[in-house]
1. Under the rule of -39500 (n - 2.57) per DSSP H run of 4 or more residues, summed and divided by the residues of the chain, what mean residue ellipticity at 222 nm is obtained, to the nearest 500 deg cm²/dmol?
2. Compute the relative contact order of the range 223-463 as a whole-number percentage, counting only Cα pairs closer than 8 Å that sit 6 or more residues apart in sequence.
3. How far, in nm, would the chain grow between residue 433 and residue 273 when pulled straight, counting 0.36 nm per residue and subtracting the alpha carbon separation?
4. If I stretch the segment between residue 313 and residue 11 completely, what's the gain in nm (0.36 nm per residue apart, minus their alpha carbon distance), one decimal?
5. State, in angstrom, two size descriptors of the range 39-100 derived from its alpha carbons: Rg to one decimal place and Dmax to the nearest whole number.
6. Which angle from 0 to 90°, rounded to the nearest 10, does the C-alpha axis of helix 333-345 make with the longest principal axis of the chain?
7. How far is it, in nm, from the label point at residue 172 to the one at residue 364 when both lie 7 Å from their Cα along the line to the Cβ?
8. Working out 0.36 nm times the residue gap between residue 479 and residue 210, then minus their Cα-Cα distance, what length gain in nm do you get to one decimal?
């Protein structure tokens, strides 16, 4: 195990303030009034303080997408919200990826989580803490995200900050791996005032007396979720290489977060045999990190079974994820993708012609979001066949776009999808036949697909948007007992 060389320091990512007024038409008069009240309370409590969020990557995965949008609205509400991304070594991220798997109840690569690994973990975080503590002041609120950051809690608490740790992953049925992960993280977690989890079943015994359940959300106004005309979505996918070019198609354009128009200019790296899908070809789509727990290989096996069982179906499969070199804290991405490619090569020629493995460009994150948006909106059915899933943000995104979703009945997905009401659940994720049957059911029943999609959109609006998440932040400040400063300081925040 290598020790880190040189000093490691976190990087601040600039967040532009976004006004909350965009939520007013969606919430109605009463809902908008309640949100304003909660925001005013939070602003008063945070006057003269900073709300720090610390995680391990600024790109790739749901956490890196969720943080900046929520902080943008917090800043728009008058809270000094800031985002820091810690720096680590490849060995550090191998250890934290092992912890990530263990918290899901999986062995991952089976590597140890012993004294040497803990020493490396602590050393990397000591370096990051030295730089972070030059900024954090007594009374600030520090929200640490996931296993990579838990070891920062003691140092932040020692300077008088209110420290909260948020775990975005978990396991409904803890086993020896889960216990091993909690034992590894225990020294850091002991210093956290509160711990936030996506589900009550994820809460370990040592956090039971200071746990808060907060479900994640999506930003329905972000580039990834903005309205997109069908012909523009097709043009974006055609430019990315995921759909056949249509004569007379419009430009592949989207609107950036700052309101300026932009054009998709990069293409995806795609493994395929045969031609690009035609515009009218039904697409089964899974979008997500190249992570074995998201089971892209299982999706491929299930689709192969579907193709054999229903040879008349014209559907094709798109498995899409980020470029494998783009996500710093995910060292397994390349090997996971290579495993899927190897499995694809083993399939009959006729099946390989119907499967497309796409690495989406990540140089421009808003461009990436536009491609994902277009892909989800054009999909006939969106799937998320995870073996474990803390909470499926890609599920919520597809539901917002009124897509029928077929997903595994694991983790937080069970809180998002009501089987047969706003999507279909696969109760045994290891059974490719059950998965294939659910996908076939949606592909063959347009009325069912439309009904599921319409209800899904409404449920996201009710439960999984940023306005609800912001009220949860106000509730967090109450639990922390963050008291407003003097009235003079509070008034200056306005």
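Just so you know, all these numbers are worked out from the coordinates, no wet-lab data involved. All of these numbers come straight from a predicted model, not from anything done at the bench. We place every Cβ from the backbone using ideal geometry, glycine too, and count neighbours over all the protein chains shown.
1. Taken over the chain, the calculation gives -13500 deg cm²/dmol.
2. 21
3. My answer for the length gained is 55.1 nm.
4. Full extension from residue 313 to residue 11 adds 103.8 nm.
5. 14.5, 44
6. Compared with the principal axis, the helix lies near 10 degrees.
7. Output for this residue pair reads 4.1 nm.
8. Separation in residues times 0.36 nm, less the Cα-Cα distance, equals 95.9 nm.
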